[in-house]
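> Take this structure, written in structure tokens, and hold onto it; I'll ask about it next.
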Amino acid sequence: MELRPDHQFDPFGPDAHAYDDDEIAGIKDIDWSDPASFLAAMGGPIPKCPSPSEVRQEATERSRKIFASYDTLNKILERHESTIQKRWAKKTRSQRLRILLKAWPEMPVLHRPDFMAFRKESQEQRESGTKYVNEFMWPYINQEDLSQAKSLLLLLNARGRTPPTAFAAADNDSAHLGKVTKALVPIFLNEHTMVLNRATSAEDYGKLLAWENHPDAFEWMHTRKEFIPGECLLILELQERLMGFLVECCQELLHDIPEERLISDDFPVQTEPRIKSESDSSGFESLAVLAAEAPYRVPAQLDLGRIELLLGARTSAAEDQLWTLREDPSYFAQQLLETKEHRQEMLKDTLGQPHPATRRGCEPILWSRITGNVLVEAYLPLELFSELHRQVRELQRLQKKFTEEISPLRDLPKEYLGAILKFRHYLNQAAKGPLNQLKIAVVASPPMRKFYVRESNDDVNSTKIAVRSKTGVKMNKIEEHLTWLLRTLWEDDKPLFFIRLPLVVDELERLIQAEPQAEALISSRIAEIIGDLSIISRCSRQLDIYYPWAQSFESGWVNWKDIVEKDFAQLSRPWGQIISALRDQNLVKVAKLSEPSPGKFTYPLGKRRTRENVDALRRAEANLDNVWIHVDRIMAAASVRLDGTAVQRLLSQPRMLRRTPEWVEPATSAKDKQVAAPDVDALVQPFSALFCSPLSTPASTVQPKAKTKTRGAPSQPQADAIEPQGTTEINPQQTLSVDARALKVFRTLFFNPAVTSSPGEVPWNDFLHAMASTGFKAEKLYGSAWQFSPTKLDVERSIHFHEPHPKGKMAFEVARRVGRRLTRAYGWSGGTFVLLEKK
């Protein structure tokens, strides 16, 4: 950071380290007119302080070499890129490594070597002189990644066909971990700015400007549109070695062509070849693949449309979560049991004893806590993701409004910048929920429980639980790495501040996909939490790459902090009321109703309809309705103000829950059999009594008795004709032609025992095929989440589903819920799909 008498240093800028109270007190005592005072107060290694002429000379030499290598690489690729791709594809891994190591002799072995270096060295070791300069400077240059089929080819294409200027901000960002941990120590030169972003030639690239001689130089540096000399020289050093390395790799791959002929007219310029994408080979896109390839591609631009699709689909999933909890007894019971298995009360203590809340007679206390977890985790994500989705739509409007004013050489319009910083703050707040869930749930999850114990505590009413690693249990390297990544997330401390959320989540997903041992330690609930974190981290990453303005977001936040935080406090006030109303002390009666004792929520949906099965279905539905009647009463009694909230908008919609009609004896005469078979359930139950009717009696949950018939089809209740309003986005009468494989899937998703006799499991790959055949693009997110975005249908709404873990097949009950979600989202039913006629 450069100093100026009238400039206030921001110690919390993008490359600052995490300061404690003593350090902050020391910062206040700095004499800002004296660079020596500033450097001493910063602590750690003292940077070199070269003269302006020395800096100018170094920058000029490096810039010249960078552009000379770029010119050579560009001409090589114009003539030989197709040949390079073919030769690289034919080489074995050992042959590829020989080429890589000849061009870069001490190349690190493993992916993200800066993570390894960060874990191996203490802060003191880094500050006294790290042994891992290369690892921190070029974290994406490693044998594991570059020896694969595409990484080097992508890197060659990006760097050889796009000028170095386009990579300046991204290269600065790639060395972030080294800078914030002080493993990399940029030089210090005060009252100067260096130009990279607005350079149009090698002569301008890295040009040093003195503030006293150039009226805009200080403002460019202060607003982060250009660079301070220290970080600029790091970027130039990084790019110089990288470009030389890529030229040498090409020369090795084209070793049979004399070097002087490589870029001569002996070889004409060819059409740029296309590198095969992930979706080309697998048919599906993968967020993990996109993240892994990002360092080797041209830096991506802010894509608000992609963020809107992600958040829109996650908001829809949150709505469906609350809907399904109110509609499906088996799902409600499953969520309670799964939450129980991830609570720390399930851990044995150091003496091998169970938690007192799990002992006979104390179960209501535990079930009150579990029920509160399930309810809060149904309400709050709906609020958070709805608000984030609303904000990104507003950002899209503002981006369009200010299209003519947005330029890399100018400040963002104030209204647009304020909306971005607000969205950024809300993302940071949204991340706290999943991070806290990981802290509670990971150590208690069944696969990870073997590594941890609970400190003894006999107070059954205490919710404070101390957990530590179990003595005598040793983790292998994969388990240690997985645990370190998860702990980095849930502790939300200096390591996460240094590395940043998107990179940790990316590395976590990469490890889970690459190592079966790691995947086996991730339960389905933890996978869903990781999925939520991935959505938030992807949104954050999109803002991080909004160059050049992203570099000034930290300093710009100072002017918006009070306004945005006040806005957040006001908006989230109802959320706090929901949490307060659903405390375990208020849920004792609800817990007794919701505890999934045998038979209470037994829901034989997939079995053939008999009087006994229909009675069981209706009994489970009535029990679930009774639970929610009491939950709504608690919310009403606590005077929770839901006006304007996403929960209020969902619960007040004139939509009906599906409920099982009373049993009617099957038809016996031929005439009666000709009557069309009824649907298996009917839309007869209000979604929420909180907005639709008085909360006076739970009797409203019981289906009104109809006159029993002994023959013919049951008469349909009038409400059966009611469609879920506000959810259908395509004509429900539209038919979609699909092949036999997809039709089998949809007949299970929209199962009707009057049409199909034996429902079964749905393999996940068959489900992907079925969705693709109707015009959806499938993309694997992180954890177990998949996003399905329509490409050929007259709808825009995307939708999320979770891949079954670890089996890879959807049980019938899960498939049925998926079908109901598709009905609410797109108006689909069993009659929507017909067999594609063979031509």
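> What is the residue count in the stretch 159-203 for residues that are within 25 Å of Tyr546 (Cβ to Cβ) and either touching a strand residue (DSSP E or B) at 6+ places or on another chain (Cβ under 6 Å) or among the polar types (S, T, N, Q) (or both)?
Of the residues in the stretch 159-203, 11 are within 25 Å of Tyr546 (Cβ to Cβ) and either touching a strand residue (DSSP E or B) at 6+ places or on another chain (Cβ under 6 Å) or among the polar types (S, T, N, Q) (or both).
> Cβ-Cβ below 6 Å, separation at least six or inter-chain, first residue in the stretch 294-305 and within 24 Å of Arg393 (Cα to Cα), second of a type in the set (Gly, Ala, Ser): which pairs?
Pairs found: Pro299/Ala170.
> Being under 17 Å from the mean Cα position of the chain (by Cα) and crowded, with 18+ Cβ neighbours inside 10 Å is the filter; apply it to the stretch 487-498 and report the residue that is farthest from Ala183 (Cα to Cα).
In this case the residue turns out to be Trp490.
> Looking only at helices (runs of 4 or more DSSP H) that fall completely inside the stretch 270-350, which ones have 2 or more residues that are surrounded by 20 or more Cβ atoms within 10 Å (Cβ to Cβ) and either touching a helix residue (DSSP H, G or I) at 6+ places or on another chain (Cβ under 9 Å) or of a type outside the set (Val, Ile, Thr) (or both)?
287-293, 304-327, 329-340
> Assess whether Arg608 counts as being over 36 Å from the mean Cα position of the chain (by Cα), modelled with pLDDT of 90 or more and more than 18 Å from Val374 (Cα to Cα).
no
> For the list (1) within 25 Å of Gly361 (Cα to Cα); (2) touching a residue at least 60 places away in the same chain (Cβ under 8 Å); (3) buried (at least 18 other Cβ atoms within 10 Å of the Cβ), I need the number of the one condition that Leu593 fails.
Leu593 satisfies every listed condition except (2).
> Select from the stretch 805-839 the residues that are closer than 23 Å to Ala740 by Cα, in contact (Cβ under 8 Å) with a residue 40 or more places away in the chain and assigned to a loop (DSSP other than H, G, I, E, B) and list them in ascending order.
Listed by number, the residues that qualify are Gly808, Ala811, Gly827, Trp828, Ser829, Leu836, Glu837.
> Pairs only if they're at least six apart or on different chains, beta carbon under 7 angstrom, first in the stretch 544-558 and buried (at least 19 other Cβ atoms within 10 Å of the Cβ), second among the small types (Gly, Ala, Ser) and part of a helix (DSSP H, G or I); list them, first residue then second.
Pairs found: Asp544/Ala550; Tyr547/Ala169; Pro548/Ala169; Gln551/Ala169.
> Right, next: For Glu219, state whether it is modelled with pLDDT under 90, in a helix (DSSP H, G or I), out of contact with any strand residue (DSSP E or B) (no Cβ under 6 Å at 6 or more places or on another chain) and assigned by TED's automatic domain parsing to the domain that holds Ala158.
yes
> If I ask for residues that are buried (at least 19 other Cβ atoms within 10 Å of the Cβ) and in contact with a helix residue (DSSP H, G or I) (Cβ under 7 Å, 6 or more places away or on another chain), which ones from the stretch 187-196 would you list?
Phe188, Leu189, His192, Thr193, Met194, Leu196
> Could you tell me whether the stretch 412-419 includes any residue that is buried (at least 16 other Cβ atoms within 10 Å of the Cβ), at pLDDT below 95 and more than 15 Å from the chain's Cα centre (by Cα)?
yes
> Something else about it: Would you check which residues across the stretch 213-229 are touching a Phe, Trp or Tyr at 6+ places or on another chain (Cβ under 8 Å) and surrounded by fewer than 22 Cβ atoms within 10 Å (Cβ to Cβ) and list them?
Within the stretch 213-229, Ala217, Phe218 meet the criteria.
> Is it the case that Leu189 is in contact (Cβ under 8 Å) with a residue 40 or more places away in the chain and either in a helix (DSSP H, G or I) or within 18 Å of Arg241 (Cβ to Cβ) (or both)?
Spelling it out, it is not the case that Leu189 is in contact (Cβ under 8 Å) with a residue 40 or more places away in the chain and either in a helix (DSSP H, G or I) or within 18 Å of Arg241 (Cβ to Cβ) (or both).
> Show me the helices (runs of 4 or more DSSP H) found entirely inside the stretch 402-519 where at least 2 residues are more than 19 Å from Arg541 (Cα to Cα), not polar (S, T, N, Q) and not assigned by TED's automatic domain parsing to the domain that holds Asp216.
414-444, 477-491, 501-514
> Out of the stretch 582-612, which residues are among the small types (Gly, Ala, Ser) and either closer than 26 Å to Arg820 by Cβ or in the same structural domain as Ser639 (by TED's automatic domain parsing) (or both)?
Scanning the stretch 582-612 gives Ser594, Ser597, Gly599, Gly606.
> Let me ask something additional. What number of residues in the stretch 97-131 are of a type in the set (Ser, Thr, Tyr) and touching an Asp or Glu at 6+ places or on another chain (Cβ under 7 Å)?
Result for the stretch 97-131: 1.
> For the stretch 110-152, name all the residues that are free of Cβ contacts under 8 Å to residues at least 12 places away in the same chain and among the small types (Gly, Ala, Ser).
Ser122
> Give the stretch 45-92 a look and list any residue that's surrounded by 17 or more Cβ atoms within 10 Å (Cβ to Cβ) and aliphatic (A, V, I, L, M), or say none.
Scanning the stretch 45-92 gives Val55, Ala59, Ile66, Leu73, Ile76, Leu77, Ile84.
> Report, by residue number, each residue of the stretch 574-585 that is in contact (Cβ under 8 Å) with a residue 12 or more places away in the chain and surrounded by fewer than 18 Cβ atoms within 10 Å (Cβ to Cβ).
Scanning the stretch 574-585 gives Gln577, Ile579, Ser580, Arg583, Gln585.
> Only residues that are among the β-branched types (Val, Ile, Thr) and either in contact with a Lys or Arg (Cβ under 7 Å, 6 or more places away or on another chain) or assigned by TED's automatic domain parsing to the domain that holds Leu388 (or both): list them for the stretch 520-544, please.
If the condition is that a residue be among the β-branched types (Val, Ile, Thr) and either in contact with a Lys or Arg (Cβ under 7 Å, 6 or more places away or on another chain) or assigned by TED's automatic domain parsing to the domain that holds Leu388 (or both), then Ile535 is the only one that fits.
A quick yes/no check of all residues on (1) of a type in the set (A, V, I, L, M); (2) part of a strand (DSSP E or B); (3) over 22 Å from Thr371 (Cα atoms):
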{"position": "Ala620", "(1), (2), (3)": "yes, no, no"}
{"position": "Asp625", "(1), (2), (3)": "no, no, no"}
{"position": "Gly644", "(1), (2), (3)": "no, no, yes"}
{"position": "Pro654", "(1), (2), (3)": "no, no, yes"}
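> Here's another thing I want to ask about it. Tell me, yes or no, whether the stretch 95-105 has at least one residue that is part of a loop (DSSP other than H, G, I, E, B), surrounded by fewer than 19 Cβ atoms within 10 Å (Cβ to Cβ) and modelled with pLDDT under 95.
No, the stretch 95-105 contains no residue that is part of a loop (DSSP other than H, G, I, E, B), surrounded by fewer than 19 Cβ atoms within 10 Å (Cβ to Cβ) and modelled with pLDDT under 95.
> Also, quick follow-up: Taking the stretch 758-777 only, how many residues are farther than 13 Å from Ala815 by Cβ, part of a helix (DSSP H, G or I) and not small (Gly, Ala, Ser)?
Residues in the stretch 758-777 being farther than 13 Å from Ala815 by Cβ, part of a helix (DSSP H, G or I) and not small (Gly, Ala, Ser): 3 in total.
> Then there is this: Checking the structure you have, find out if any residue of the stretch 499-506 is β-branched (Val, Ile, Thr), buried (at least 21 other Cβ atoms within 10 Å of the Cβ) and in contact (Cβ under 8 Å) with a residue 40 or more places away in the chain.
Yes, that holds for at least one residue.
> Taking the stated definitions as given, is Arg98 among the charged types (D, E, K, R) and either within 22 Å of Ala183 (Cβ to Cβ) or in contact (Cβ under 8 Å) with a residue 40 or more places away in the chain (or both)?
No.
> Scan the stretch 166-196 residue by residue and report those that are polar (S, T, N, Q) and either under 17 Å from Pro139 (Cβ atoms) or under 30 Å from the mean Cα position of the chain (by Cα) (or both).
Hits for the stretch 166-196 are Asn172, Ser174, Thr181.
> Among the listed residues Ala166, Ala202, Ala149, identify the single one that is in a helix (DSSP H, G or I) and surrounded by fewer than 20 Cβ atoms within 10 Å (Cβ to Cβ).
On inspection, the qualifying residue turns out to be Ala166.
The values are calculated or read from the model by the stated rules, or taken from the named source; none is laboratory data. As the structure is a prediction and not an experimental result, all values here were calculated from the model. Positions of Cβ are generated from backbone atoms using ideal geometry, with glycine treated the same way; all protein chains shown enter the neighbour counts.
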